[in-house]
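The next block holds one structure in the form of structure tokens; read it before the comments.
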Amino acid sequence: MIQVGDVLAAIEDAEVVRKNAEQFSRASVDTRDITGGELFVAIPGPSRDGHDFVAAAVRSGATGALISRDPAEVPELADLDITVIRVPDTLIALQEAAAHARTRSTASVVAVTGSAGKTTAKTLIAQVLQSKFEILANKASFNNHLGVPLTLTAIEPTQTQVISEIGTNHPGEIGHLAGLVAPDVSVVTNVGFAHLGNFADQQELANEKTDIFNHTRPGGVWIINGDDQLLTSTTLALPGAAQATVVRVGFDEGNDLRAVDVTVDEHGTRGVIEVDGQSLRFSTGAAGRHFGYAAMLAVAVGRVYDIAPSESIEALRGVQPPAGRASLRRIDDELLMIDDSYNGSPDAMISSLDLLGSLPGGVKVAVLGQMGELGEFSHELHSRVGRKAATSVTHLVTVGEAAAPLRESAAEDGVPAADIYPVASAREAFAQVKDILDASSEPAVVLAKGSRAMHMERVYLGLAGHTVTCALTSCPLYINCADCPKLTTG
């Protein structure tokens, strides 16, 4: 929860214009997210100003408003019987008040970051911790300058563990957000290439990811992917590494937790985790070797809180991946769909292609959308994915002009030109996949993955019998098309 006192303590120039409620269930910046008792934070934006929606927020149940405008300029505010706090900058006030709310809480916080697999790791960590504790985990991908503080304002006194995902797309963001969170346990899944175009090189990206450890509370635990050599070397070179408890997980020898004998099929991932002198069998409903890392990270976090590895593994049994993240969907007896459409980075695409290659099927179609925020590295990284595709696919469909190097490298490494199809949109990609499948009588596996703006879920939706009537090639809405009113059930 968040209190009026959190804002006053955090922001020197905060002014209580009117006081009704003293505390609120949490903060919210979206009227559609309000269920009752929230503090609505009016965030000005280039196209929409939250101040214009204060009245709507109150009608939905908000009992307070945080504003930066003159109260006389906020529509209907004079008629609303709510607490009103005015600050110079509502975003800064939200962040600083959330940090103050975090210091009031006695909950222990686990923070998770990395180039790929953050949300999956967060989900599995939450699955383990909730088997023993009352927890709070950030909703969806609440991992940015808004989502992180919003999560902190929702901590209830009864919750003893909080899991906060932290993302970045520019230097300094992780340090700032981790400073708000002040984690007791910090987890870095890997250092890859996502958002690399906003950084000088991969080392700078590694510095950014590992900055989370510089903001972890003294005596805290640092958990990393020990197979990632850049991540490991950067972490161990940090000033606080000698005083911290550093835990390494991975498939290679020398890790504190190690996965061996891992197998993957359409029912999930299974294998053995070696930890504390034990060899423990694990299984999850999430398919893909990369889910082995997430499982080990979750077991490692459980150990910090005295959850026996065997108990953590039992809590993970059968757990499913978050929607749109390597979700295996059986369309019919002859067609299996890998819906990995939530987003697309080079590392995640390579992991998904690994999964595609490991599954049985005479026809294997990868539908890959162009990747964004790669800057001068775009050509090289699209080419890298294309080379991986050549080892995994029988047919390749690419979406977007920036994917041209992906097609070219796949062709150079052996995919026949006749089986490579450039298209402009996910809708066109679905039509092309249909043609490929109609021309074959063999069992098939189809992978769809790409940047969120490409809405690659339209391939899965089409194969599942839905019709997406929206004609946009790319969409600015950060949602799944299944949640959009322009989806028509077929």
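Checking D227 against (1) assigned to a loop (DSSP other than H, G, I, E, B); (2) over 20 Å from L124 (Cβ atoms); (3) modelled with pLDDT of 95 or more: exactly one of these is not met. Which one?
(2)
List pairs: first in segment 26-47 and outside any strand (DSSP E or B), second at pLDDT below 95, Cβ under 9 Å, 6+ apart or cross-chain?
Going by the 9 Å Cβ cut-off, the qualifying pairs are D33/K139.
For every residue, the table says whether it meets (1) touching a His at 6+ places or on another chain (Cβ under 9 Å); (2) among the acidic types (D, E).
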| position | (1), (2) |
| --- | --- |
| A42 | yes, no |
| D49 | no, yes |
| V54 | no, no |
| V58 | no, no |
| G61 | no, no |
| R69 | yes, no |
| V74 | yes, no |
| A78 | no, no |
| R86 | no, no |
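Give the residue, chosen from T31, T83, T106, T63, that is of a type in the set (S, T, N, Q), touching a Ser or Thr at 6+ places or on another chain (Cβ under 8 Å) and surrounded by fewer than 19 Cβ atoms within 10 Å (Cβ to Cβ).
Matching residue, one of T31, T83, T106, T63: T106.
Identify all residues within segment 137-169 that are of a type in the set (G, A, S), under 21 Å from E208 (Cβ atoms) and part of a strand (DSSP E or B); write none if there are none.
Across segment 137-169, the qualifying residue is only S164.
Looking at R59, R104, R69, R86, which is the one that is free of Cβ contacts under 8 Å to residues at least 24 places away in the same chain and of a type in the set (K, R)?
Residue meeting the stated conditions: R59.
Please state which one of A410, A404 is among the small types (G, A, S) and either out of contact with any Lys or Arg (no Cβ under 8 Å at 6 or more places or on another chain) or farther than 19 Å from L355 by Cβ (or both).
That would be A404, the only listed residue that is among the small types (G, A, S) and either out of contact with any Lys or Arg (no Cβ under 8 Å at 6 or more places or on another chain) or farther than 19 Å from L355 by Cβ (or both).
Select the strands (runs of 3 or more DSSP E) contained entirely in segment 321-405, then report the ones holding at least 1 residues which are surrounded by fewer than 24 Cβ atoms within 10 Å (Cβ to Cβ) and of a type in the set (S, T, Y).
Per the criteria, 327-332.
Does at least one position in segment 92-103 carry a residue that is surrounded by fewer than 19 Cβ atoms within 10 Å (Cβ to Cβ) and among the charged types (D, E, K, R)?
no
Applying the selection to segment 183-217, what residues are charged (D, E, K, R) and either outside any loop (DSSP other than H, G, I, E, B) or within 20 Å of V148 (Cβ to Cβ) (or both)?
Across segment 183-217, the qualifying residues are D184, E204, E208, K209, D211, R217.
Return the only residue of S131, S108, S186 being closer than 30 Å to R317 by Cα and within 16 Å of the chain's Cα centre (by Cα).
Being closer than 30 Å to R317 by Cα and within 16 Å of the chain's Cα centre (by Cα) holds for just one of S131, S108, S186, which is S186.
Output the residues belonging to segment 428-459 that are crowded, with 21+ Cβ neighbours inside 10 Å, in contact with a Gly (Cβ under 9 Å, 6 or more places away or on another chain), not in a loop (DSSP other than H, G, I, E, B) and not β-branched (V, I, T).
A429, F430, A444, A448, K449, R452, M454, E457
Quick test for you: out of S409, S352, S345, S378, pick the one residue that is more than 24 Å from the chain's Cα centre (by Cα), in the same structural domain as H455 (by TED's automatic domain parsing) and hydroxyl-bearing (S, T, Y).
Sole residue among the options that is more than 24 Å from the chain's Cα centre (by Cα), in the same structural domain as H455 (by TED's automatic domain parsing) and hydroxyl-bearing (S, T, Y): S409.
Can you tell me which residues in segment 48-82 are within 30 Å of the chain's Cα centre (by Cα), hydrophobic (A, V, I, L, M, F, W, C) and in a loop (DSSP other than H, G, I, E, B)?
Across segment 48-82, the qualifying residue is only A62.
Conditions (1) surrounded by fewer than 23 Cβ atoms within 10 Å (Cβ to Cβ); (2) out of contact with any strand residue (DSSP E or B) (no Cβ under 8 Å at 6 or more places or on another chain); (3) at pLDDT 95 or above; (4) not polar (S, T, N, Q), marked per residue:
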| position | (1), (2), (3), (4) |
| --- | --- |
| V185 | no, no, yes, yes |
| A200 | yes, yes, no, yes |
| Q203 | yes, yes, yes, no |
| T210 | no, no, yes, no |
| A241 | yes, no, yes, yes |
| G285 | yes, no, no, yes |
| H290 | no, yes, no, yes |
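Hey, A294 hits all of (1) assigned to a loop (DSSP other than H, G, I, E, B); (2) in contact (Cβ under 8 Å) with a residue 40 or more places away in the chain but one; which does it fall short on?
Every listed condition holds for A294 apart from (1).
Based on this model, can you work out whether V260 counts as free of Cβ contacts under 8 Å to residues at least 24 places away in the same chain, surrounded by fewer than 22 Cβ atoms within 10 Å (Cβ to Cβ) and closer than 18 Å to V128 by Cα?
Considered against the rule, which asks whether it is free of Cβ contacts under 8 Å to residues at least 24 places away in the same chain, surrounded by fewer than 22 Cβ atoms within 10 Å (Cβ to Cβ) and closer than 18 Å to V128 by Cα, V260 comes out as no.
Of V148, V187, which residue is closer than 20 Å to R303 by Cα and aliphatic (A, V, I, L, M)?
Testing whether each residue is closer than 20 Å to R303 by Cα and aliphatic (A, V, I, L, M) leaves just V187.
Only residues in segment 1-17 that are more than 16 Å from A99 (Cβ to Cβ) count as the first member; pair them with residues that are in a helix (DSSP H, G or I) and of a type outside the set (A, V, I, L, M), Cβ under 7 angstrom, at least 6 apart or cross-chain, and list the lot.
Pairs that qualify, where the first residue is more than 16 Å from A99 (Cβ to Cβ) and the partner is in a helix (DSSP H, G or I) and of a type outside the set (A, V, I, L, M), are V17/P71.
Would you please name the residue that is surrounded by the fewest Cβ atoms within 10 Å (Cβ to Cβ), looking only at residues in segment 1-24 that are assigned to a loop (DSSP other than H, G, I, E, B) and touching a Ser or Thr at 6+ places or on another chain (Cβ under 8 Å)?
Once the filter is applied, the top-ranked residue is E22.
Residues A259, A286: which one is in the same structural domain as L177 (by TED's automatic domain parsing), farther than 14 Å from V188 by Cα and part of a strand (DSSP E or B)?
After ruling out the rest, the residue left standing is A259.
The values are calculated or read from the model by the stated rules, or taken from the named source; none is laboratory data. Remember, predicted model here, so these are calculated numbers, not experimental data. When we count neighbours, we look across all protein chains shown, and the Cβ atoms used for this are built from the backbone with ideal geometry, even at glycine.
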